[in-house]
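See below for the structure under consideration.
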Amino acid sequence: MLKYQNNNKTLQGRFTKYVQIDTQSDPLSETTPSTVKQKDLGKVLVEELLEMGVTDAHLDDFGYVYATIPSTTEKKVPVICFCSHMDTSPDCSGKNVKPIIHSNYQGQDLILPDDESIILKMEEHPDLKDQIGNDIITASGTTLLGADNKAGLAEIMEAASFLILHPEIKHGKIRILFTPDEEIGRGVDKADLKKLGADFAYTIDGETLGSIEDETFSADGAVLTINGVSTHPGFAKGKMESAIKILSDVISALPADCLSPESTELKEGFIHPVTFGGSVEQAEARFILRAFNDEELSANGELLDATVQNIIEDFPNSTYELKITPQYRNMKQVLDQYPQVIEYGIEAIKRAGIVPKQQSIRGGTDGSRLSFMGLPCPNIFAGEHAFHGKQEWASVQDMEKAVQTIVNIASIWEEKA
């Protein structure tokens, strides 16, 4: 069978080009996409798809890219979608990213030149132990890299180009979906699944080489608003009830040795404040609630509410509002009903010469929501690491293996049809 080989550095070139386009999303925006600049990358992707011969590639008004690679077989094969997101995290700047190639990595500390206090050390990034001799890409120290998820974008684009150039590789109809706003939990809000017309999908948005993730957190978002009592601070005794202080007391009262990101791992959930602000009269905090089962997730919401009630009892003239909104649910609930989706993904990884790692992810992907919208969708590794921060990095060789895996998935669905 013909295998993908990256002889002309096109994969690396695509990736370094994409990361230099600022696509940071904005959780406070009410538009779709949340930032218009995400469409800048969408336009580039459409142009490249059209140039490689994907005639129906287009960007819609909401910032989604749709495209089709036609079938090369007479068999009736399920339509498979490959999906990645275009936005980068609001947690760290994605403007003026300067990608740096650290060729032939030999285990040394990687000191980023624009801020030499940002150092990638093997003891802090254990996956670097498997990268000896590989080419590592980082940013320069003042921004994130954007490997999450522009590694996935580059890999899908490279796989699409390879399949178009090699029609002798048998596969069914393949759909491509690139989404905005995944990092703020709205990646598929406006996705048109009827237009997409896929039967199964794979997000290419994972970390370690060989990983395939069939389980995610279940997730809710929470907004807590405290309405305090404001008065002149010179005459405030017995009258003022500061919303800022009440909200601070609530956050301080939440468990610190458990139920926080800093103190949990594996399948332990958490309650995590992500924004905080306001005035004496009114203050607001936003939280993310996470757990691997829905019962525990509900319990986390109840604990937050009970904590607020307990604190605000000491402030008789103040009130609060806690609004909890579902974000996504553990996709394993759906994927267990379609075992072949995982089986074929595992086989595709093996054919790329990699030991598969079937695992859970302490996070979520577009696939979490797509699965519950009727499109079963596990997550495949993209080779992105330390995402959402200035130490983010990616391996060119791992990205090449992701391209091989995508091509293999397409072939296996045709073989099994």
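The values are calculated or read from the model by the stated rules, or taken from the named source; none is laboratory data. Owing to the predicted nature of the structure, the values given are computational and were not obtained by experimental measurement. Note that we place each Cβ from the backbone using ideal geometry, even for glycine, and neighbour counts take in every protein chain shown. What goes into the accessible areas is simple: the full protein's heavy atoms, side chains included, and nothing from ligands, DNA or RNA. Shrake-Rupley method; radii C 1.70, N 1.55, O 1.52, S 1.80 Å.
Structure values in brief
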{"quantity": "Which listed residue is open to solvent by less than 50 Å² (accessible area, probe 1.4 Å) and outside any strand (DSSP E or B), from Leu224, Leu289, Leu259", "calculated": "Leu259"}
{"quantity": "The listed residue being farther than 28 Å from Gly367 by Cα, at pLDDT 95 or above and β-branched (Val, Ile, Thr), out of Ile156, Ile174, Ile118", "calculated": "Ile118"}
{"quantity": "Residue check for Glu215: closer than 20 Å to Gly374 by Cβ, open to solvent by 10 Å² or more (accessible area, probe 1.4 Å) and in contact (Cβ under 8 Å) with a residue 60 or more places away in the chain", "calculated": "yes"}
{"quantity": "Only listed residue being assigned to a strand (DSSP E or B), in contact with a Leu (Cβ under 9 Å, 6 or more places away or on another chain), open to solvent by 40 Å² or more (accessible area, probe 1.4 Å) and among the polar types (S, T, N, Q), chosen from Thr275, Thr325", "calculated": "Thr275"}
{"quantity": "Elements of type strands (runs of 3 or more DSSP E) in region 26-114, at least 1 residues being of a type outside the set (Lys, Arg) and within 21 Å of the chain's Cα centre (by Cα)", "calculated": "65-69, 80-85"}
{"quantity": "Considering residues of region 332-371 that are hydrophobic (A, V, I, L, M, F, W, C), modelled with pLDDT of 95 or more and not in a loop (DSSP other than H, G, I, E, B) only, the residue surrounded by the most Cβ atoms within 10 Å (Cβ to Cβ)", "calculated": "Leu370"}
{"quantity": "Region 169-200 - residue that is among the acidic types (Asp, Glu) and either free of Cβ contacts under 8 Å to residues at least 40 places away in the same chain or under 16 Å from Asp61 (Cβ atoms) (or both) and, of those, least open to solvent (accessible area, probe 1.4 Å)", "calculated": "Asp181"}
{"quantity": "Subset of region 117-145 (residues that are buried (at least 18 other Cβ atoms within 10 Å of the Cβ), small (Gly, Ala, Ser) and farther than 19 Å from Lys9 by Cα)", "calculated": "Gly141"}
